[in-house]
Amino acid sequence: MFSDYSTSELMSIFAMQGFAGLTLFSVFVLMALGLAIIFGQMGVINMAHGEFMILGAYITYLTSNIFSQWLPGLYGSYFFVAMIFAFIAAGLLGMLVEWLIIRHLYHRPLDTLLATWGVSLILQQTYRSVFGAREVGVSMPDWMMGSYPLTDLVEVPINGIFVMCLAIGTTCVIAALMYRSRWGIQVRAVVQNRTMAGAVGINTQKVDRMTFGLGCGIAGIAGSAFTMIGSIGPTSGQLYIVDTFLVVVFGGAASLLGTVASAFTISQAQSTMEFFLSGSMAKVLTLLFVVGVLMIRPQGLFTLKVRR
Amino acid sequence: MKSSGFWGSLFSRHDTLSFVVLALILLVVLPLSLDIFRLSLMGKYMTYAFVALGLALCWGYGGVLSLGQGVFFGLGGYMLAMFLKLESSDPESTAIQTTPGIPDFMDWNQITELPWFWEPFYSFPFTLAAVLVVPTAFAYLIGVAMFKRRVSGVYFAIITQAIAAILTILIIGQQGYTGGVNGITDLRTLLGWNIRSDFARYVFYFVCVGLLLLCIVISQFVSRSKLGRILVAMRGAEDRVRFSGYDVANFKTFVFCLGAAFSAIGGAMFTLQVGFMSPSFIGIVPSIEMVIFCAVGGRLSIYGSVYGALLVSWARTAFSESFPELWLFAMGALFIAVVLAFPDGLAGLYNQYGRRHVERQLDKWLLTLKSSTRTASVKGVAHERQ
Amino acid sequence: MNASNTDFVLAVENLTVSFDGFKAVDDLNLYVDEGEIRVIIGPNGAGKTTVLDLICGRTRSTQGSIRFRNRELTKMTESDIVKSGVGRKFQTPSVYTELTVYENLEISYPKGRNVFGSLFFRRDETIVRKCEEVAEMILLKDQLYDSAGLLSHGQKQWLEIGMLLIQDPELLMLDEPVAGMSVTERHETAKLLRRISENRSVIVIEHDMQFVAEIADKVTVLHQGKILTEGPIDTVKNDPKVVEVYLGH
């Protein structure tokens with residue numbers, strides 16, 4: 001299938017598709033980071049993660065409407081405000097869900113899966129009732145439009161670059177928070193031994209709630225970023241949930257580095273194949289590849305061998 | 001009914017009662033009280049009961065939660081749909097196509113020759129075998145690959161879900177070979193017999209009940225066998241079972257395959273009664289809904305899961321007829337409530353509150369039955385003496 | 001590696017396992033005789049449980065050999081190791097709490113161990129009698145048809161020992177069998193172990209030195225994955241190295 005293209009054309013195809021892959025990668029990373037914290041650290045299967053993301057997206061949509069109506073002069077900067085709102089809204093909703101449902105289910109991981117699926121159905125219907133069933137789009141601020149020519153053949157869109165920077169930045173903050181801050185140590189302590197952590201004076205309930213909230217908050221940011229590259233509807237979140245779970249599991253659930261690496265692998269594989277095959281076949285092959293690897297190495301790519 | 005012999009080894013006294021009650025409801029009460037439209041709707045719900053039944057064994061007994069049961073339901077359904085489609089696509093009725101004699105959707109997709117994997121589905125015996133064998137064999141492959149590598153619990157759930165996603169995308173993407181997102185539609189006859197007539201619908205309904213009851217008997221056999229107890233043991237202390245000399249993976253694979261086979265039967269019956277099969281019954285959403293059928297009825301209960309499937313599907317139809325926008329809320333709340341408040345579902349509630357009463361009543365009833373037969377026989381003897 | 005046949009029931013040679021560079025068991029040699037009760041002691045993290053895990057196949061060795069009656073175990077599956085005659089009790093009592101004591105024992109009875117064998121398994125006179133016999137031995141005759149979840153901690157330990165006995169293994173490995181037991185229960189357990197070991201070899205991990213003295217033929221002291229010393233209990237107890245790392249002054 002490569003024979004129809006010249007070498008330089010092939011190179012730029014790979015570069016363009018590689019960049020398209022990087023945008024997908026950014027969304028995957030932002031989605032998967034939140035899930036890696038919730039699933040990898042807390043062991044909760046949050047099937048409503050996609051809906052938390054979409055909440056962030058709708059918040060961004062609302063903010064952009066408010067800005068264009070009341071503060072058109074500041075429209076260029078609405079996105080940053082929207083992102084903060086999205087983080088807070090998704091985070092608060094996450095904490096509410098944790099308090100209402102998740103905290104009763106910490107020792108029953110499969111049941112968290114069913115309960116959060118219920119949450120996702122309720123959220124979807126709520127979005128449909130409030131925002132309508134049709135997809136909505138957000139207009140980008142001017143500075144994010146257009147693209148940056150890298151060579152004659154290769155152009156990279158600026159919104160892609162922005163989303164990518166956002167993903168990298170968030171990853172760094174989360175990594176610092178998990179591995180450098182006192183709170184991060186508490187989270188990891190609670191995860192490894194809940195009873196013991198409680199015994200040494202960590203407020204495990206509070207840590208759980210904050211962790212779940214943080215994970216959902218990041219999903220909110222992911223939703224914000226998502227509006228920059230696509231339109232959103234009530235069920236958009238569901239389209240991504242399986243991919244996101246595979247990203248997290250593939251990387252090795254408890255490893256942030258693994259999550260980033262697997263998001264990279266999966267998104268690159270998919271977008272490169274997409275150019276040569278139909279989109280659906282690319283997706284099928286990517287998922288098959290991931291499932292195949294997981295059958296050979298169920299613990300994921302980046303996990304330590306531990307003594308039982 | 002005496003609890004002895006073969007029956008007694010499969011059914012406890014209470015199981016017998018549950019079985020008889022369910023059989024009466026399905027065979028007598030529903031057909032007498034519902035018109036053919038509603039009855040055949042019931043038949044459709046019953047096809048989900050096959051899946052729920054399989055999940056009760058797989059998830060309830062074995063602790064193996066599959067979020068991909070739709071795959072087997074769909075495969076079973078597609079196998080039969082392919083046969084029926086070929087039967088309705090004879091060269092005469094498809095004469096207006098560019099290539100007569102092939103299914104209409106292939107013609108629309110500029111395919112001029114029947115793909116090789118469709119060929120065997122001209123044969124009815126092959127199709128019947130394939131309905132059972134293909135999904136079961138697929139489950140066997142998945143089971144062996146995963147359970148031998150000790151993939152279990154959450155990871156198994158996520159991977160089966162991914163498989164459901166893959167199959168849906170594949171079917172939708174390859175529409176020339178599969179009918180795409182619309183599925184295989186416009187199925188009319190089975191061996192020349194109109195499957196849309198009222199008479200056919202009655203027949204299918206009763207066939208469906210018969211198969212369901214058969215699957216229940218099989219489930220009873222499995223759950224009351226030593227294998228059933230091993231599954232329960234495995235759910236609690238897998239390592240202990242393994243170090244008692246059992247190859248745990250084989251047992252999980254077996255129960256997963258059994259669940260797949262039940263689902264496949266359900267899928268095939270669905271195709272027959274509804275007249276089409278599409279990817280919307282395979283993917284993530286239907287697969288997880290089938291889990292909720294089982295959870296609502298009671299994941300540990302063979303009969304509970306059947307009632308769960310019937311009730312939830314019926315509620316869905318009722319709700320979406322009158323308040324379509326409320327249905328998702330109700331369904332969501334159902335998921336949460338079942339998990340938080342009634343982890344053992346309706347069967348759990350029944351065991352807690354109703355069962356004692358029923359058992360007592362049953363005691364009384366059996367006692368009077370016994371004494372009346374005794375007096376009858378005594379009278380008989382006395383009569384002879386006179 | 002010396003693969004010559006030995007008279008020992010169990011011959012562990014040059015056994016090493018490392019977890020990401022950390023050697024939990026380091027070049028270990030261990031020989032267990034016919035009918036012997038061997039007790040392994042040592043401080044926490046010495047690798048005691050890991051040794052049992054390695055023998056029964058729960059953990060795979062990095063190198064070395066484990067031969068049971070001159071059959072190499074390191075490449076066999078867990079269930080095959082069990083079938084060849086090795087039984088193992090876990091540190092925390094592991095019984096099937098949702099089944100009755102009788103069903104616990106019946107599942108452990110070595111018959112109908114494959115899928116279809118268990119599907120068409122029929123209870124018969126021999127099995128029922130065998131289960132009753134073992135239940136009597138482990139002092140649970142009166143609880144035979146109670147749910148195992150209702151047993152006390154000590155009774156669960158006995159039940160698990162009983163589940164192993166019914167398999168009639170030639171090598172029985174017990175990880176802290178008297179943990180959480182009262183003094184009387186400990187004595188009963190010691191008596192039980194003495195009786196069981198008449199026709200099989202037993203490896204026990206234990207911390208309770210009094211109990212160790214009561215049952216041990218020979219004691220092996222592990223420290224940091226290596227054997228510190230080995231011998232009769234009195235010699236070991238007075239070994240200055242053992243006092244230093246384990247028993248304390």
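Annotations for the structure displayed:
- Structural descriptor for region B:35-310: relative contact order 44 percent, calculated from alpha carbon pairs under 8 angstrom and at least 6 residues apart.
- Region B:27-83-region A:157-187 distance, computed between alpha-carbon centres (Å): 46
- Peptides C:121-129, C:66-74 ordered by packing proxy, namely the average of other Cβ atoms within 10 Å per residue, highest first: C:66-74, C:121-129.
- The spacing between region B:241-272 and region A:222-286, judged by their C-alpha centroids, is 31 Å.
- Charge dipole (debye, nearest 20) of region C:10-247; +1 at Cβ of Lys and Arg, -1 at Cβ of Asp and Glu: 500
- Within the protein assembly as shown: Cβ-based charge dipole about Cα centre, in debye rounded to nearest 20 (Lys, Arg +1; Asp, Glu -1): 2120
- DSSP H segments from chain A that extend 20 Å or more along their own axis, Cα-based, with Kyte-Doolittle mean of 1.0 or above: A:7-35, A:78-100, A:158-180, A:236-251, A:279-296
- Kirkwood hydrodynamic radius (C-alpha pairs) into Stokes-Einstein, chain A, 10 °C and 1.306 mPa s, D in µm²/s: 79
- Of interest is the spacing of the C-alpha centroids, which for region B:276-307 and region C:177-225 amounts to 51 Å.
- Cα lying deepest toward the dipole's positive end in region C:10-247, options C:ILE196, C:THR235, C:LEU15, charges on Cβ: C:LEU15
- Above-threshold pairs, the threshold being 27 Å between Cα atoms, out of C:LYS23/C:LYS83; C:LYS75/C:LYS111; C:LYS130/C:LYS156; C:LYS89/C:LYS130; C:LYS48/C:LYS141; B:LYS226/C:LYS83: C:LYS23/C:LYS83; C:LYS48/C:LYS141
- Of B:ALA145, A:LEU287, A:VAL97, farthest towards positive along the dipole that unit charges on Lys, Arg, Asp, Glu beta carbons give the protein assembly as shown: A:VAL97
- Listed by chain and number, the aspartates and glutamates whose alpha-carbon sits under 20 Å from that of A:LYS206, ignoring those within fewer than 8 places in the same chain, are A:GLU98.
- Residue exposure proxy: B:PHE50, A:PHE67, B:PHE323, ordered by other Cβ atoms within 10 angstrom of their Cβ from fewest to most, comes out as B:PHE323, A:PHE67, B:PHE50.
- Rg to Rh quotient for region B:35-310, alpha carbon positions, Kirkwood Rh: 1.01
- Value of relative contact order over chain C, rounded to a whole percent, pairs C-alpha under 8 Å and six or more apart: 27
- Antiparallel DSSP beta bridges within the protein assembly as shown, as percent of all bridges there, nearest 5: 60
- Taking the longest Cα principal axis of chain C as reference, the axis of helix C:125-137 is set at about 50 degrees.
- Listed peptides C:139-146, B:77-84 appear in the order B:77-84, C:139-146 once ranked by packing, highest mean of other Cβ atoms within 10 Å at the front.
- Whole-Hz couplings from phi, Karplus 6.51/-1.76/1.60, listed for region C:22-35; x for Gly and Pro: 7, 8, 6, 10, 10, 6, 8, 10, 8, 10, 10, 8, 4, x
- Sequence-distant residues sharing a close amide H with C:LYS226 (under 5 Å, placed H): C:ASP26
- Volume in Å³ per residue [convex hull over Cα atoms, computed for region C:10-247]: 127
- With the highest mean first, a sort of the peptides A:54-63, B:167-176, B:60-69 on other beta-carbon atoms found within 10 angstrom per residue produces B:60-69, A:54-63, B:167-176.
- Per residue of peptide B:56-68, the mean number of Cβ atoms on other chains within 10 Å of the residue Cβ is 1.
- Which of C:ALA46, C:HIS207, C:GLN155, positive extreme of dipole for region C:10-247 (C-beta unit charges): C:ALA46
- Counting only other chain Cβ atoms within 10 Å of each residue's Cβ, the peptide B:287-294 averages 2.
- Helix C:153-165 and the longest principal axis of the C-alpha atoms of chain C enclose an angle of approximately 90°.
- Counting Cβ atoms of other protein chains within 10 Å of each Cβ in C:91-98 and taking the mean gives 4.
- Screening chain B for whole DSSP H helices of 24 Å or more along their axis (Cα) with average Kyte-Doolittle hydropathy at least 1.0 returns B:36-55, B:124-148, B:153-173, B:198-224, B:248-274, B:324-340.
- Order of A:SER262, B:SER152, B:SER301, A:SER6 under a 10 Å beta carbon neighbour criterion, fewest first: A:SER6, B:SER152, B:SER301, A:SER262
- Neighbour counts of other Cβ atoms within 10 Å put A:THR23, C:THR184 in the fewest-to-most order C:THR184, A:THR23.
- Rg ratio (alpha-carbon, reference 2.2 N^0.38 Å) - region B:53-102: 1.89
- Descending principal axes extents, the protein assembly as shown, alpha-carbon based, whole Å: 98, 87, 54
- Acute angle (nearest 10 degrees) that the helix C:183-196 long axis makes with the longest principal axis of chain C, alpha-carbon atoms: 90
Any read-out appearing in this document is the output of simple, stated calculations on the displayed coordinates, not a laboratory observation. It should be emphasised that the depicted structure is a prediction, and the values quoted were computed from it without experimental measurement. Please note: Cβ atoms are built from the backbone with ideal geometry, for glycine as well, and neighbour counts cover all protein chains shown.
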